[in-house]
Amino acid sequence: MTVLGTASVLPRAPQRATAPLNLVLLAFGFAAFPAYPAFITLSSVSPPGVSLIPRGVALALLACCALGALVLALQLFWERRPLPVTFGPAVAYIGAWLLAALFGFDPATGLLFVLDGVLVLIFHAAIARFYPDRRAALTMIAAFLGSGAFVAALGLGMLALRRPAAMYAVGHGRAISTFVVPGEFAGYLLFLIPTAIGVALVTGRFWLRVLGIAAAGLGLLALAATYSRAGWLGFAVGAAFFVYMLRRSARIGVLLSAALVVGLVTISVYNGHHNPSEYFTRLSIWRTGLRTVQLFPVTGVGPGAFRHVYPALRPPDGEPSAFHAHDYLLNAFAETGLVGIATLFALWYCFGRAMERALRGAQGSRRILTLAILSGFVATLAQSSLDFIQVVILGCWIPFMALALGVAEYGLE
């Protein structure tokens, strides 16, 4: 494997079939995505929402994730196989989080985020290692779609029943499911929906196509029920990207641009199912984020610590409290400083270069499914311009980088 040439950007296919234990661990990793937001209950953070998953269950889940990651890490170490080209930049990115946590205002919370990042790094390497095995690829995709369909249906059911009552009230009648706030649920769905659509379009297996259609349909209904304007914006941008990349033409580009403008205007004036007191609060939060960057430019205030400095730095007429800066880049700069931003851009640059090389040889079903997954990245990046979704940043982006590269190079079947 080389990094700069046109050779494989993922390790070569394994010589033997993936062991059953590894299949179980990979399936668990993808299926458990919707439960990861509950880890926030293990920290000192008081999130602006209610978690369906109790703290004890979240602690047990974290222990299972740590044990599974340890098993995969030991196997990867013993095999000594090449790592994906994105692994080094991802390590540097999480390392910047560690540095920011140690010098920040809330080291305990920051270290919990770093621990989550380490688990995700191992999962990232394991996806790249085992994806070339067709059984492993199908296991990962099926686990993600099956879990996603269930969670989407659960969110719709909870909304219809208005139970739990606390979640319904705090969420202003918006779908939340196993997540803590509707925006997190929307961010997860922005990866589920395009992946499910891509699988349904390319798979030759009837059961997998049915699963893809079910996950996509339930996911679309659930995304609408989140009433997340940032999520809707992300979906519009991601869908436009996917359609244009499949059918590149000036006419398609103009039509998509016009539809996108209409959608953006509609979303910007819609205020249903939101607390009226929160209108325009992002303006004061963004101003405070910029002030935080000015005061702590090198390593920031630490992961998860923006909430500590906000009350002291906010404008006099600003929102009394803020959990994060409501913008991914601004929040990353405020909490991890120049060190974090530099490693962040290095990670995305490396992934972009690797993806570009992989797409050169991807045709037919491989290209369609790869573009579908990439539209999830585009959608969540657009969403992150108005919000900060931790489960997407740590839970989805880094693992899905390995998944997208695997699909581009090896396909699904």
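Some points to look at:
- Whether the chain is rounded, prolate or oblate, judged on the alpha carbon gyration tensor where a/c under 1.5 counts as rounded: rounded
- Residue range of the chain that is longest and free of trypsin sites (Lys or Arg not before Pro) which are both DSSP loop and sparsely packed (at most 15 other C-beta within 10 Å): 249-413
- With the whole protein complex present, Ser321 retains an accessible surface near 80 Å², based on a 1.4 Å probe.
- Cα gyration tensor shape for segment 116-246, rounded if a/c is under 1.5, else prolate or oblate: prolate
- Relative contact order [Cα under 8 Å, 6+ residues apart], segment 95-182, whole percent: 15
- Alpha-carbon centroids, segment 333-412 and segment 48-121: separation in whole Å: 18
- The chain: calculated mean residue ellipticity at 222 nm from DSSP helix runs of at least 4, using -39500 (n - 2.57): -23000 deg cm²/dmol
- Range in the chain, longest, excluding exposed chymotrypsin sites (Phe, Trp or Tyr not before Pro) [loop by DSSP; at most 15 other beta-carbon atoms within 10 Å]: 1-269
- Since only Pro182, Pro164, Met140 are under comparison, the one whose Cα sits farthest along the positive direction of the charge dipole of segment 126-253, derived from C-beta charges on Lys, Arg, Asp and Glu, is Met140.
- The charge dipole of the chain, taken about the Cα centre with unit charges on the Cβ atoms of Lys, Arg (+1) and Asp, Glu (-1), comes to about 1000 debye, rounded to the nearest 20.
The values are calculated or read from the model by the stated rules, or taken from the named source; none is laboratory data. Everything numeric here is computed off the predicted structure, so don't read it as measured data. So basically every Cβ, Gly included, is an ideal-geometry build from the backbone, and we count neighbours across all protein chains shown. When the accessible area is computed, the model is the full protein with side chains, heavy atoms only, and any ligands, DNA or RNA have been set aside. Shrake-Rupley method; radii C 1.70, N 1.55, O 1.52, S 1.80 Å.
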